[in-house]
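No value in this document is a laboratory result; all are computed from the given coordinates. No experiment lies behind these values; they were computed from the predicted model shown. Please note: Cβ atoms are built from the backbone with ideal geometry, for glycine as well, and neighbour counts cover all protein chains shown.
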Amino acid sequence: MPLPRMLRVRQTFDCPRLDDIPGEVERQLAALQLGSQVKSGQTVAITAGSRGIANIAVITKAVVSHFLKLKAVPFIVPAMGSHGGGTAEGQAEILAGYGITAETMGCEIRASMETVIVDQLDQGVPVHFDKHASKADHVVVVGRIKPHTGFVGEIESGLHKMMLIGLGKHEGAKIYHRAIMDYSWMEIVMAVGNSVLRKCRVLCGVGIVENAYDETALIAAVAPDDFLEQEKKLLVQARDWLPRLPFDKVDVLIVDELGKNISGSGMDTNVIGRKFNDNRATPQDSVAVKVIFVRGLTEATHGNACGLGMAEFTNDRTNASVDRRITAINAITGGHCPAAKLPISFATDREVMEQALTVIGLTPPEKAKVVQISNTLHLAEVMVSEACLPMVKERPDLEAISPVAEMHFDDAGNMFPVAKHHA
């Protein structure tokens, strides 16, 4: 079968970048004058999540340093629901992979899956809260604000979700996801958030917003009374700075890797256009992709392949790398079982491409609009097919940085990742 010829394209996104990250964390926290509330020797639990947040170790260390200056006793708690296989050891391992350890942070990591029930919602839902954080004199909620991959509201993924899913651990995540099937996302997240703010000695939040290049763009320290309004504003900003595919209509999207460190859904549904339906674009999506081919999992996802079920195709080596148990735990906890499904697979990438191009409609394979990306976080440089070249030439934000060439495969019939293509 004739395959589309490809070229490398660079996207230009208009968004800021924060250069002095430790300095900005310190300035933001200092502005809250927390020394009036935090006494010498008091403990401060600082959350650390499982998402692949840019500079998370730098940000977390800067938060720890602020409280060490106040002569407090900070410690870090993994706040990541059921990730890491739903075990304390697995969650500590995820943080270590991000460079967050007792040695690098200068404070303890207190990892446990145990929770205490601090409240009961009017909806009959118990409010779970991390055991170690519940014993602290103060709690600091650190989280990235961005559009959620499944939920829609004035607040989506951010500080409230950290209080809900992150600090709720596996037990909390299970019950909250079940509650969201009977009540709205906003109803549950607001109820749990208000309960935690009222009962769990939350001192402040540190909201992080990233730009389209997966870089830290903004850090905001937020007082508890301002969580809701500030998070609403930060979500609007985060949505504006989201990375995106170069085109809103694509025949075949090739994704080199997916993983929980890339997105909660493995692939960001805001990018691939499957937020409202796992298997096709809806009128509510801004992007329409006919066929998705996932080529691999990130190392940092530790076999968690949640989201692979959104793809139509994969290869045998990707299926072989899936940890079915970890993936199942995460999918069941999230109340989204289709996330753990496995797509059609073939032995080599060439075989996959030949089959994928037969299910895009009447478009001849060599004329197909194909886009290859590293993952849904890193979209500054992508590979696109020759059929896209006229659109590239007319767009000032796109630049062709390699000549058109045949689709490359190695001796085993597998494609090269975007990162290994050379301009």
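Along the range 170-176, what does the Karplus equation 6.51 cos²θ - 1.76 cosθ + 1.60 (θ = phi - 60°) give for ³J(HN,Hα), rounded to whole Hz, x for Gly and Pro?
Using θ = phi - 60°, the values come out as 5, 5, x, 4, 4, 6, 5 Hz.
Got the relative contact order for the chain handy, in percent, Cα pairs under 8 Å and 6 or more residues apart?
21
Farthest toward the dipole's positive end in the chain, which of HIS177, GLY273, GLN372, given Cβ charges of +1 (Lys, Arg) and -1 (Asp, Glu) about the Cα centre?
HIS177
Please compute the net charge surrounding MET353, taking Lys and Arg as +1 and Asp and Glu as -1 over other residues with Cβ under 13 Å from its Cβ.
Net local charge, MET353 excluded: -4.
Taking only the C-alpha atoms, wrap a convex hull around the range 32-240 and report its volume per residue in Å³ as a whole number.
107
Quick one: 3J(HN,Hα) in Hz for the range 293-302, Karplus 6.51/-1.76/1.60 with θ = phi - 60°, rounded, Gly and Pro as x.
10, 9, 9, x, 10, 6, 5, 5, 7, 6
What's the FRET efficiency of SER286 with VAL73 using the Cβ-Cβ distance as r and R₀ = 51 Å, to the nearest 0.05?
Calculated value: 0.65.
Given the peptides 155-167, 54-66, 336-348, 274-286, arrange them by the average over their residues of other C-beta atoms within 10 Å, most packed first.
Those peptides, ordered most packed to least, come out 155-167, 54-66, 336-348, 274-286.
What ³J(HN,Hα) values, in whole Hz, does the Karplus curve 6.51 cos²θ - 1.76 cosθ + 1.60 give for the range 85-92 when θ = phi - 60°, with x put for Gly and Pro?
Couplings: x, x, 10, 4, 5, x, 6, 5 Hz.
The range 356-390 to the range 295-342: how many Å between their Cα centroids?
Cα centres, the range 356-390 to the range 295-342: 23 Å.
List the pairs from LYS39/LYS71; LYS161/LYS233; LYS61/LYS131; LYS341/LYS369 whose alpha-carbon separation is above 19 Å, in the order I gave them.
Check vs 19 Å cut-off fails for LYS61/LYS131; LYS341/LYS369.
Could you tell me the calculated FRET efficiency between GLU215 and GLN33, based on Cβ-Cβ distance and R0 = 35 angstrom, to the nearest 0.05?
FRET efficiency, GLU215 to GLN33: 0.75.
Evaluate the charge dipole of the chain about its Cα centre and quote only its size in Debye, nearest 20, assuming +1 on the Cβ of each Lys and Arg and -1 on the Cβ of each Asp and Glu.
640
Applying a 10 Å radius around every beta-carbon, put 313-323, 96-106, 255-265 in order of their mean neighbour count, most first.
Order by mean packing, descending: 255-265, 313-323, 96-106.
Would you please give the residues with an amide H less than 5 Å from that of ILE46, counting only those at least 5 places away or on a separate chain, with H modeled from the backbone geometry?
Amide H to amide H, under 5 Å and 5 or more residues apart or across chains, ILE46 pairs with PHE75, ILE76, VAL77, VAL140.
Rounded to the nearest 0.05, what FRET efficiency do ASP19 and LEU362 have when you use their Cβ-Cβ distance and R0 = 45 Å?
Once rounded, the FRET efficiency stands at 0.35.
Return a whole-number percent for the relative contact order of the range 32-240, with Cα pairs under 8 Å and 6 or more residues apart as the contact set.
For the range 32-240, the relative contact order is 22 percent.
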